[in-house]
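The values are calculated or read from the model by the stated rules, or taken from the named source; none is laboratory data. Fair warning: this is a prediction, and the values are worked out from it, not measured in the lab. Cβ placement follows ideal geometry from the backbone for every residue including glycine, while neighbour counts extend to all protein chains displayed.
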Number of protein chains: 2
Amino acid sequence: MSTNTYFTEYENLEIHELMLKDRPRQAAYFEAILGNKELFKDKVVMDVGAGTGILSAFCAKAGARLVYAIEASNVATKVALDLIQDNGLTNVVKVINSRVEEFVLPTTAEKVDIIVSEWMGFYLLHEGMLDSVLYARDNFLKEDGLLFPSECTIFVAPCSVPSLYDDWNNVDGINMATFASKLRAQKSSKPSVLSVEPKDLLHEGVVFHWMNLLDVTVDELNCIEFKDVVALQKNGNHQGFCIWFEVRFPGDNSVVLSTSPEAPQTHWKQVVLVLPEEICENMEAREPVAFKICMKRSGDDARKYNLEVDQLDPETEEHPVPCPCHMTKCILTEAHLKMMDTS
Amino acid sequence: MSTNTYFTEYENLEIHELMLKDRPRQAAYFEAILGNKELFKDKVVMDVGAGTGILSAFCAKAGARLVYAIEASNVATKVALDLIQDNGLTNVVKVINSRVEEFVLPTTAEKVDIIVSEWMGFYLLHEGMLDSVLYARDNFLKEDGLLFPSECTIFVAPCSVPSLYDDWNNVDGINMATFASKLRAQKSSKPSVLSVEPKDLLHEGVVFHWMNLLDVTVDELNCIEFKDVVALQKNGNHQGFCIWFEVRFPGDNSVVLSTSPEAPQTHWKQVVLVLPEEICENMEAREPVAFKICMKRSGDDARKYNLEVDQLDPETEEHPVPCPCHMTKCILTEAHLKMMDTS
């Protein structure tokens, strides 16, 4: 996708409607900003990708002295300007219709105390908008400035995917397994964005990647790899890997926005890497799943990532210590550790 | 949309996924067919627009002797053939990859006893697929044959549309009314498909149009007009007209598939003709709303309709008799009728 197409998509107000109606998203930013007024009082804030301007308005209401609401799409002039005016915030919020990479601070102006942004995409990094936030951080944020959000974590867990597998074995008495297999084939070119029910997770999830946004670099976003062996926590058909993320905001009133299957549903839902039928397997609790997962920025389009998962052989991969899996070496290690613990 | 594009869209299996996961839709066809086995036993059936073939499979399971599963898109060969085979129904169901208008019955073959089809689109007629069902009826159905479904009704009711109006007056303390107005403008070019909550209906609904599919003609589908005066049944902001439909199936076990706001939600949801802000009005129960509504096939694309609603003046329009509205003439008429009733 060209950069221009990317911003044009955000001219479609229905995308903003979707985001604004995402209650967990809205509530998290509302709480993080208006629940930490002491951090915002008299501060200078930059809102990167301000969209309709609602987060900038939150910052103004939290007491900010000046907010730069930077928005590259025409939503800046079509919507945000009016929103700021209608809410009597023109003295505080300056709407700027520009890419943040093309923005220049007035020569006499100080750098900003806080950068606020809602940049997250599917599987966290889709859309590649974090690059722009890091650019803003490197160019406009004071030495000891804050980022809202400040940390993010991506999780992964083996899961069942009944909506693409088992649900189709009996549709009102009709076997539609072949349809399901073709449906999966059609969907296999991209990661599936879907709602995973907690009951379909075979493991609570492990941390695939963690980032402190204050020090991560754009280069580090190009390729994220992770390898692990997890022992399943329940019986089930291992049909995919479920990916979700959470972001954490600064402040004493520390807010976390989670897109976990256990959390209230957001418009990000979850992303599932669905396994091909040949390697799906009915597994039992404590069986080990060894895998390598990789999120790599697409060569064609820096806003997209290729997500790949490889199943590895749990016999030859190194397990964590201790490992609750049922393999003899892990049972022995655990017994040994317990013995040392009690001795 | 060209006819070819129309069928190509149905090659996307995710559309079939959406329809198959629509439980009220599935349950209605299941009940209508398998709950009326005596109608299907040893009969010849034609399934117009068979898609994945699931309704044809229902008919076979209900005892049909022969089912022509006619499907113009490549889903016929890609999915339906396998489905019929996987369910051991190849002796009964013949999958035919053809437009029904190009299909020719074998010269020795009898006409069909029953035509089954799921042809309904948004506001019932979107997609214009009923034309093909009527072609099949006129060319392939026996004199006393049955149609599944056999009747359909379109309803209309004045309603509030908070998701496009009031909800935006206060979004976490921010007034987004201007955004909402631009969002409505963006959406105004086409009818809004959305879920209307029963509480937002200002009236239970009146019959906008009723059709017996055994005798309706394609010409009658080109333009449907309706004029009425309804007395609101509750107070509220009149911001739109909500349209929904229901279809009725033959048989002693008579099944109705309803897309009313009161019924469990289907993928058709409801369609709302949203009024421009200037004519929205806070109204009280028993206030009359006079309107003319018109569904007219688009000149550019026979599969689409233009939906238009005009508000009329309840002072000059003729009211039904009796009319529960609060206007003096209707109150007097009602009193008069009551008096005659008791005299």
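Conditions tested, residue by residue: (1) buried (at least 21 other Cβ atoms within 10 Å of the Cβ); (2) in a helix (DSSP H, G or I).
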position: A:M46; (1), (2): yes, no
position: A:L55; (1), (2): yes, yes
position: A:A60; (1), (2): yes, yes
position: A:A69; (1), (2): yes, no
position: A:V79; (1), (2): yes, yes
position: A:Q85; (1), (2): no, yes
position: A:T90; (1), (2): no, no
position: A:V95; (1), (2): yes, no
### Message
more than 14 Å from chain A (Cβ to nearest Cβ) and in contact (Cβ under 8 Å) with a residue 12 or more places away in the chain: is that true of B:S56 in this structure?
### Response
no
#### Entry: Selection status of B:L105, among the aliphatic types (A, V, I, L, M) and part of a loop (DSSP other than H, G, I, E, B)
yes
### Message
For the range A:33-43, give me the residue count where each residue is surrounded by 14 or more Cβ atoms within 10 Å (Cβ to Cβ) and either at pLDDT below 95 or over 27 Å from A:T77 (Cβ atoms) (or both).
### Response
4
### Query
Just one of the numbered conditions (1) aliphatic (A, V, I, L, M); (2) more than 12 Å from chain A (Cβ to nearest Cβ); (3) in contact with a Ser or Thr (Cβ under 7 Å, 6 or more places away or on another chain) is not true of B:V161; which one?
(3)
### Lone unmet requirement of (1) modelled with pLDDT under 95; (2) over 19 Å from the mean Cα position of the chain (by Cα) for B:F291
(1)
### Query
Among (1) surrounded by fewer than 20 Cβ atoms within 10 Å (Cβ to Cβ); (2) farther than 27 Å from A:E278 by Cβ; (3) under 18 Å from the mean Cα position of the chain (by Cα), which single condition is A:L213 missing?
(1)
### Message
Being within 12 Å of another protein chain (Cβ to nearest Cβ), part of a helix (DSSP H, G or I) and aromatic (F, W, Y): is that true of A:F30 here?
### Response
yes
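Say whether the condition of being of a type in the set (A, V, I, L, M, F, W, C) and surrounded by 16 or more Cβ atoms within 10 Å (Cβ to Cβ) is met by at least one residue in the range A:331-340. Walk me through it before giving the result.
Our first condition is that a residue be of a type in the set (A, V, I, L, M, F, W, C); within the range A:331-340, this holds for A:331-332, A:335, A:337, A:339-340.
So of that shortlist, the ones also surrounded by 16 or more Cβ atoms within 10 Å (Cβ to Cβ) come out as none.
The answer is no, given that none of the residues of the range A:331-340 is of a type in the set (A, V, I, L, M, F, W, C) and surrounded by 16 or more Cβ atoms within 10 Å (Cβ to Cβ).
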### Task
Kindly check whether there is at least one residue in the range A:8-16 that is in contact with a His (Cβ under 9 Å, 6 or more places away or on another chain) and modelled with pLDDT under 95.
yes
## Note on the structure
Considering residues that are farther than 30 Å from A:F7 by Cβ and surrounded by 19 or more Cβ atoms within 10 Å (Cβ to Cβ), the number found within the range A:270-308 is 8
### Lone unmet requirement of (1) assigned to a loop (DSSP other than H, G, I, E, B); (2) buried (at least 16 other Cβ atoms within 10 Å of the Cβ) for B:V230
(1)
### Query
Quick one: A:W268 ticks every box in (1) in a helix (DSSP H, G or I); (2) within 18 Å of the chain's Cα centre (by Cα) bar one, so which box is it?
(1)
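Okay, residues lined up against (1) closer than 24 Å to A:G240 by Cβ; (2) among the basic types (K, R); (3) in a loop (DSSP other than H, G, I, E, B):
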position	(1), (2), (3)
A:K292	yes, yes, no
A:A302	no, no, yes
A:Q311	yes, no, no
A:K329	no, yes, no
A:L337	no, no, no
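If you scan the range B:215-240, which residues turn out to be over 16 Å from B:L125 (Cα atoms) and free of Cβ contacts under 8 Å to residues at least 60 places away in the same chain? Quick ask: steps written out before the conclusion?
Pass one, the range B:215-240, residues over 16 Å from B:L125 (Cα atoms): B:215, B:227-240.
Once the filter is applied, which keeps residues that are over 16 Å from B:L125 (Cα atoms) and free of Cβ contacts under 8 Å to residues at least 60 places away in the same chain, the range B:215-240 yields B:D215, B:Q233, B:K234, B:N235.
Here is a check on your reading of the model: is A:A285 in a loop (DSSP other than H, G, I, E, B) and in contact (Cβ under 8 Å) with a residue 60 or more places away in the chain? Outline the logic, then answer.
Numbers: in a loop (DSSP other than H, G, I, E, B): yes; in contact (Cβ under 8 Å) with a residue 60 or more places away in the chain: no.
Taking the combined requirement at face value, the residue does not satisfy it.
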### Query
Which one of these does B:V75 not meet: (1) of a type in the set (V, I, T); (2) more than 25 Å from B:V247 (Cα to Cα); (3) within 13 Å of chain A (Cβ to nearest Cβ); (4) out of contact with any Asp or Glu (no Cβ under 7 Å at 6 or more places or on another chain)?
(4)
### Task
Give me the pairs, please: first residue somewhere in the range A:63-76 and under 21 Å from A:V44 (Cβ atoms), second residue anywhere and buried (at least 24 other Cβ atoms within 10 Å of the Cβ) and of a type in the set (S, T, Y), beta-carbon distance under 9 Å, and either six or more positions apart or on two chains.
A:A64/A:S56; A:V67/A:S56; A:Y68/A:S56; A:A69/A:S56; A:E71/A:T52
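From the residues in the range A:100-119 that are within 19 Å of A:L147 (Cβ to Cβ) and surrounded by fewer than 17 Cβ atoms within 10 Å (Cβ to Cβ), which one is farthest from the chain's Cα centre (by Cα)?
The selected residue is A:E110.
Any idea how many residues of the range B:33-52 are away from every other protein chain (no Cβ under 11 Å) and under 15 Å from B:L257 (Cβ atoms)?
Looking only at the range B:33-52, we keep the residues that are away from every other protein chain (no Cβ under 11 Å), and these are B:35-50.
Checking which are under 15 Å from B:L257 (Cβ atoms) leaves us with B:35-36.
So the answer is 2.
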### Query
Out of all the residues in the range B:198-206, is one or more free of Cβ contacts under 8 Å to residues at least 12 places away in the same chain and away from chain A (no Cβ under 14 Å)?
yes
#### Entry: Hits in the range B:5-21 - residues which are under 23 Å from B:A136 (Cβ atoms) and either at the interface with chain A (Cβ under 10 Å from one of its Cβ atoms) or part of a loop (DSSP other than H, G, I, E, B) (or both)
B:Y10, B:E11, B:H16, B:L20
### Task
Of the numbered conditions (1) surrounded by 15 or more Cβ atoms within 10 Å (Cβ to Cβ); (2) more than 10 Å from every other protein chain (Cβ to nearest Cβ), B:S188 fails exactly one; give the number of that condition.
(1)
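Considering only residues that are part of a loop (DSSP other than H, G, I, E, B) and more than 19 Å from the chain's Cα centre (by Cα), look in the range B:140-164 and name the one that is farthest from B:A180 (Cα to Cα).
From the range B:140-164, those part of a loop (DSSP other than H, G, I, E, B) are B:149-150, B:160-164; that's our starting set.
After this cut, where a residue has to be more than 19 Å from the chain's Cα centre (by Cα) as well, the list is B:160-164.
Values: B:S160: 14, B:V161: 11, B:P162: 10, B:S163: 9, B:L164: 6 Å.
Of everything passing the filter in the range B:140-164, B:S160 is farthest from B:A180 (Cα to Cα).
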